[in-house]
Amino acid sequence: MEKQAEQQDVTQRAGRFDIFGGQYIPETLMNAVKELDEAYTYYKDDPEFRSELTDLLNNYANRPSLLYYAENMTKDLGGAKIYLKREDLNHTGAHKINNALGQVLLAKKMGKTRVIAETGAGQHGVATATVAALLGLDCEIYMGVKDMERQALNVYRMRLLGAKVHGVNTGTGTLKDAVSETFREWTRRISDTHYVIGSCMGPHPFPTIVRDFQAVISSEIKQQLQEVEGKGTLPDAVLACVGGGSNAIGSFYHFIDDPSVKLIGCEAAGRGIDTPETAATINTGRLGIFHGMKSYFCQDDNGQIAPVYSISAGLDYPGIGPEHAELYKKGRAQYVAITDEEAVQAFEYLSRTEGIIPAIESAHAVAYAMKLAPKMRKDQIMVITLSGRGDKDVAAIARYRGEDLYD
Amino acid sequence: MTRIASAFSKGKAFIPFITAGDPSLDVTEQLVLAMEKAGADIIELGIPFSDPMAEGPTIQNANVRALAGGTTPDQVIELVRKLRTQTQIPLIFMTYANVVFSRGTQKFLDRAADAGIDGLILADVPYEESEEFRVPCKNAGIDLINMVAPTSHERIKTIAAHSDGFLYCVSSLGVTGVRAKITGDIGGMVSLAHEASNIPCAVGFGISTPEQAHDIAQKSDGAIVGSAIVNIIAEHGKDSVPYVADFVKQMKQAVQSA
């Protein structure tokens, strides 16, 4: 009883999603996140900030992104009518630009002259480097050495954009280590530096900030679907891939209060959720505290964070954002696990069927759509968010299929 | 009086840190006893964590070595139990929230207290999140030690006023690791804390030489040294005990003469 009262109290605090979230960071960073919270609270409702951001989204990043009716896929799967939310058509090729524009603009308003960021697949690093170049801020990117190998093209892209890329060789040399190293760098240099976190994770206010900047995805889906399917039409299911979960929370957000809309996050099962080589946090993880937040994490019995694996560098993360943890706990969203093999098949399927090469991350959502759509009625509507384009993955998929192709 | 309070009542404190299980738990046991003999007043034992966000490369690598050797939190607690049959020096766990939380915070702390631990430092739990650990710590009779940093500014007084054991003052920006120069305003930090409370203030992060330790101890109630010792352990491995003891002796003298 007493324990319940304590939890109730925690959920009422700022930056909490039910019991999840919080600010579990070294003391040195506390003033920085407080300062960020205050600045964001002010600028999010500032008409000038809003209009500058909208202008950048529309005239620089190519928003709104298309809501594309995938007719071939719909006919082939023989069930639900399938729409693709084409975040892959954004400038820099992924949804990451939505958040990068918002956060770098915010950093500039706060008087910061330097941004740092972690990156997994390289998409967030490229997006941050792009916006830093545009708005005239210095930019340094932290990336696991293993990911630098897998995504060599994006490393060069970031350098072209004027960013300095630091290889992180601690731990597994992947996304989680890049996040830790970027936090460490932030504690070294705070006054002129903003940490542009790439997903809806980390300490408050990051999960809220990133979700708000990505919520443009669901806001557009809602409006665009009504334009083609008639006023009041809601999708029956919205699917998105989930690593930290930023494109998924952006795709879900404006449908959370529409209970008829099924929200489905597609996690990376890697070689399978019954193997240690997986990154499916909801399916294999448990409650923990890491990287600034209370949420679900892949971890061992002693609370050591697990060295996760996925073919997709962007989903290769042992945690999930706190708002997803809440949606899962409350039963509002479901989280399914997709293996490397299923994702690669979906990558190839969408390329052949619609002439669209999706990011291997997004292919996880396409893979679940291939299972679910045939079970849905023809008058039902499914929206799949294609979080990014797949050019960056072509060489890796060729290697997966046994072709010796290097980029 | 608790063992921690009693340590500070005897004068300026020298507080070494080592990562438990680096290079082995046997060596950790020998190191604790040797450091006590060499003059350490309180000893911090790091429970290794896979992703230590507040550590520089030196202590990160110590964590890697300890985990590679199979060190678990349970084994570290049992080491404390064993040490308590041989020494009454105050022992403090330093680790990360998940190590304590993932096994059930109260259960973990009760076991640690039963084994004989005196205090707990969680590098990724700031004052704002400390309640969920402070209450179980109080129940178990363990001091939860708060940290303040050069960026804490006006929060220093609030944090100091709600502190147990001692206040851990972070000397400079950044993560743990040896530094040529300590950049934070130590004197300012300590006097702000002492305005709010008579809690002892010990300073850590970056201290590696007797001169630095002497200077720090003049401005505070004690000096905490981690990376410099962990470097000696990294170099000498299982043979590091006499080297560490020599270093602790020098540092203790420097602190005492302050």
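The values are calculated or read from the model by the stated rules, or taken from the named source; none is laboratory data. Treat the numbers as computed from the prediction; the structure is a model and nothing was measured. Every residue, glycine as well, gets a Cβ built from its backbone with ideal geometry; the counts of neighbours run over all protein chains shown. Please note that ligands, DNA and RNA were not included when accessible areas were found on the heavy atoms of the full protein model with its side chains. Shrake-Rupley method; radii C 1.70, N 1.55, O 1.52, S 1.80 Å.
When B:GLY141, B:GLY174, B:GLY165 are screened for being touching a residue at least 24 places away in the same chain (Cβ under 8 Å), within 11 Å of chain A (Cβ to nearest Cβ) and either among the aliphatic types (A, V, I, L, M) or at positive phi (or both), only B:GLY174 passes. Please tell me if A:GLY171 is out of contact with any His (no Cβ under 7 Å at 6 or more places or on another chain), within 14 Å of chain B (Cβ to nearest Cβ), in a loop (DSSP other than H, G, I, E, B) and open to solvent by 40 Å² or more (accessible area, probe 1.4 Å). Taking the combined requirement at face value, the residue satisfies it. The residues on offer are B:ALA196, B:ALA223, B:ALA213, B:ALA228, and the sole one that is touching a residue at least 24 places away in the same chain (Cβ under 8 Å), more than 28 Å from B:SER24 (Cβ to Cβ) and of a type in the set (A, V, I, L, M) is B:ALA196. The residues on offer are A:SER246, A:SER180, A:SER199, and the sole one that is of a type in the set (Gly, Ala, Ser) and either over 21 Å from A:ALA61 (Cβ atoms) or within 14 Å of chain B (Cβ to nearest Cβ) (or both) is A:SER180.
Checked against the criterion of being in a loop (DSSP other than H, G, I, E, B) and open to solvent by less than 10 Å² (accessible area, probe 1.4 Å), the range A:282-290 contains not a single residue that satisfies it. Beta carbons closer than 6 Å, at least 6 apart along the sequence or on distinct chains, pair a first residue in the range B:86-102 that is within 14 Å of chain A (Cβ to nearest Cβ) with a second that is among the hydroxyl-bearing types (Ser, Thr, Tyr) for B:ALA97/A:TYR24. In the range A:198-253, the residue that is surrounded by the fewest Cβ atoms within 10 Å (Cβ to Cβ) out of those that are basic (Lys, Arg) and over 20 Å from A:PHE20 (Cα atoms) is A:LYS231. Cβ-Cβ contacts under 9 Å between residues 6 or more apart (or on different chains), taken from a first residue in the range A:342-362 that is closer than 13 Å to A:LEU77 by Cβ to a second residue that is open to solvent by 20 Å² or more (accessible area, probe 1.4 Å) and not aromatic (Phe, Trp, Tyr), are listed as A:ALA346/A:MET370; A:TYR349/A:ASP76; A:TYR349/A:MET370; A:LEU350/A:ILE357; A:THR353/A:ASN72; A:THR353/A:ASP76; A:GLU354/A:GLU71; A:GLU354/A:ASN72. Determine whether the range A:129-137 contains at least one residue that is in a loop (DSSP other than H, G, I, E, B), over 21 Å from the mean Cα position of the chain (by Cα) and more than 14 Å from every other protein chain (Cβ to nearest Cβ). Yes: the range A:129-137 contains one or more residues that are in a loop (DSSP other than H, G, I, E, B), over 21 Å from the mean Cα position of the chain (by Cα) and more than 14 Å from every other protein chain (Cβ to nearest Cβ). Within the range B:113-133, the residues that satisfy the criterion of being open to solvent by less than 20 Å² (accessible area, probe 1.4 Å), part of a helix (DSSP H, G or I) and within 14 Å of chain A (Cβ to nearest Cβ) are B:GLU129, B:PHE133. Residues in the range B:177-197 that are over 13 Å from B:ASP221 (Cα atoms) and open to solvent by 50 Å² or more (accessible area, probe 1.4 Å) were compared, and the one that is nearest to the other protein chains (Cβ to nearest Cβ) is B:THR183.
Matching residues to (1) at pLDDT 95 or above; (2) more than 19 Å from A:LEU315 (Cα to Cα):
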{"position": "A:LEU160", "(1), (2)": "yes, yes"}
{"position": "A:GLY171", "(1), (2)": "no, no"}
{"position": "A:PRO207", "(1), (2)": "yes, no"}
{"position": "A:GLN214", "(1), (2)": "yes, no"}
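Per the listing A:ALA70, A:ALA61, A:ALA80, the residue uniquely of a type in the set (A, V, I, L, M, F, W, C), within 30 Å of A:THR174 (Cα to Cα) and at pLDDT 95 or above is A:ALA61. Of the residues making up the range A:126-159, those that are open to solvent by 20 Å² or more (accessible area, probe 1.4 Å) and closer than 10 Å to A:VAL115 by Cα are A:ASP138, A:GLU140. The set of residues in the range A:237-260 being out of contact with any Ser or Thr (no Cβ under 7 Å at 6 or more places or on another chain) and more than 24 Å from A:VAL344 (Cα to Cα) consists of A:ILE256, A:ASP257, A:ASP258, A:PRO259, A:SER260. Among the residues making up the range A:296-321, those that are touching a residue at least 24 places away in the same chain (Cβ under 8 Å) and within 11 Å of another protein chain (Cβ to nearest Cβ) are A:ILE305, A:ALA306, A:PRO307, A:PRO318, A:GLY319.
For the range A:255-277: of the residues being open to solvent by 10 Å² or more (accessible area, probe 1.4 Å) and within 22 Å of A:HIS364 (Cβ to Cβ), which is nearest to the other protein chains (Cβ to nearest Cβ)? Here the residue is A:PRO276.
Looking across the range A:107-155, the residues that are within 18 Å of A:SER387 (Cβ to Cβ), charged (D, E, K, R) and modelled with pLDDT under 95 come down to A:ASP147, A:ARG150. When A:ALA325, A:ALA363 are checked against the criterion of being among the small types (Gly, Ala, Ser), touching a Ser or Thr at 6+ places or on another chain (Cβ under 9 Å) and closer than 30 Å to B:LEU67 by Cα, A:ALA325 stands alone in meeting it. For the range B:21-35, the criterion of being outside any helix (DSSP H, G or I), touching a residue at least 60 places away in the same chain (Cβ under 8 Å), away from every other protein chain (no Cβ under 14 Å) and open to solvent by less than 10 Å² (accessible area, probe 1.4 Å) is met by at least one residue. For the range B:87-105, the criterion of a residue being open to solvent by 10 Å² or more (accessible area, probe 1.4 Å) and of a type in the set (Gly, Ala, Ser) is satisfied by at least one position.
Scanning the range A:339-367 for residues that are touching a Lys or Arg at 6+ places or on another chain (Cβ under 9 Å) and either open to solvent by less than 20 Å² (accessible area, probe 1.4 Å) or not in a loop (DSSP other than H, G, I, E, B) (or both) gives A:THR339, A:ASP340, A:GLU341, A:GLU342, A:VAL344, A:GLU348, A:ILE356, A:PRO358, A:ALA359, A:ILE360, A:SER362.
A:PHE17 fulfils the conditions (1) more than 10 Å from every other protein chain (Cβ to nearest Cβ); (2) surrounded by fewer than 21 Cβ atoms within 10 Å (Cβ to Cβ); (3) of a type outside the set (A, V, I, L, M); (4) under 23 Å from A:GLY202 (Cβ atoms) except for a single criterion, (2). What do you reckon, is B:ASP143 in contact with a Gly (Cβ under 6 Å, 6 or more places away or on another chain), at pLDDT 95 or above, acidic (Asp, Glu) and open to solvent by 20 Å² or more (accessible area, probe 1.4 Å)? Against the criterion (in contact with a Gly (Cβ under 6 Å, 6 or more places away or on another chain), at pLDDT 95 or above, acidic (Asp, Glu) and open to solvent by 20 Å² or more (accessible area, probe 1.4 Å)), B:ASP143 qualifies. Does at least one position in the range A:56-66 carry a residue that is open to solvent by 30 Å² or more (accessible area, probe 1.4 Å), touching a Lys or Arg at 6+ places or on another chain (Cβ under 7 Å) and not aromatic (Phe, Trp, Tyr)? Yes, the range A:56-66 has at least one match. Please work out which one of (1) under 23 Å from the mean Cα position of the chain (by Cα); (2) within 14 Å of chain B (Cβ to nearest Cβ); (3) of a type outside the set (D, E, K, R) is the condition A:ILE82 fails and give its number. So the condition that A:ILE82 fails would be (2).
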